[in-house]
Amino acid sequence: MARLVLFTLVLLALPGAAVLADRQQDPEIGALLERALAAGECYVDRFERDVWFKTMDPRLSRLVRDATDRVEILHHVYCEARKQELPPGLVMAVIDVESRFDHWAVSSAGAVGLMQIMPFWPRELGMTNDQLVRIPQNIRMGCTILKFYLDRERGDYTRALARYNGSVGRRDYADLVLTRLARRWQYH
């Protein structure tokens, strides 16, 4: 509860941060997020899911000690990545770079949660700010935004990741994510 109060205070103290960040603000993203958040639960082939868990759980256990959080993260990353036709390892690499798998993370720009979603989205979508730290909603929103940018950039990972991070024209962030993907999160 104390973390939620601190989180809320940080968001309230940063009202202009989302405007200054100049990322995730494309108007088309709002409609996509509304549809994604309204979508039902994800179900995947049990065998594929088991292979994913057996492959990724040992890697993630070094970063996320709580087994319940690990299972929830792995489940939602796999499901949302599959729904959005994203490589699940790419989503893991984005989360690794963005928050080091800390669902309470808040950036200096005010982005929140595992995938560092900008805090103006809850207001736009009629949600509460605390939903940004919830693993399922954060991953679903992050995957939707990442897919939007990948489509916009015609599959160019470097350009899409730069848009996701708000660093268009610079390669540092994209290179970091792609290196993490290759070294830690590659999945067939």
* Asked: Counting other Cβ atoms within 10 Å of each Cβ, which trypsin sites (Lys or Arg not before Pro) in segment 112-188 have at most 15 and sit in a DSSP loop?
  -> ARG154, ARG170, ARG171
* Asked: If eta is 0.890 mPa s and T is 25 °C, what Stokes-Einstein diffusion coefficient results for segment 73-130, Kirkwood Rh from Cα pairs, in µm²/s?
  -> 204
* For segment 81-188, what is the Kirkwood hydrodynamic radius in Å, using each pair of distinct C-alpha atoms? -> 13.8
* To do: Count neighbours as other Cβ atoms within 10 Å of each site's Cβ, and list the GluC sites (Glu not before Pro) in segment 79-188 that are DSSP loop with at most 13 such neighbours.
  => GLU85
* Could you go through segment 167-172 in sequence order and give the Karplus-derived ³J(HN,Hα) for each residue, using 6.51 cos²θ - 1.76 cosθ + 1.60 with θ = phi - 60°, rounded to whole Hz, and x for Gly and Pro? => 10, 4, x, 10, 9, 3
* Structure fact -> Per the charge dipole of segment 45-87 (beta-carbon charges, Lys/Arg positive, Asp/Glu negative, Cα centre), the residue among LEU63, LEU86, TRP52 reaching farthest to the positive end is LEU63
* To do: Can you tell me how much longer the chain between ASP69 and ARG183 gets when fully stretched, taken as 0.36 nm per residue apart minus their C-alpha distance, in nm with one decimal?
  => 38.8 nm
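We did not get these values from a lab; they are worked out from the coordinates using the rules stated. None of the values given here were measured: they were computed from a predicted structure. Cβ coordinates were reconstructed from backbone atoms using ideal geometry, including for glycine residues, and neighbour counts include every protein chain displayed.
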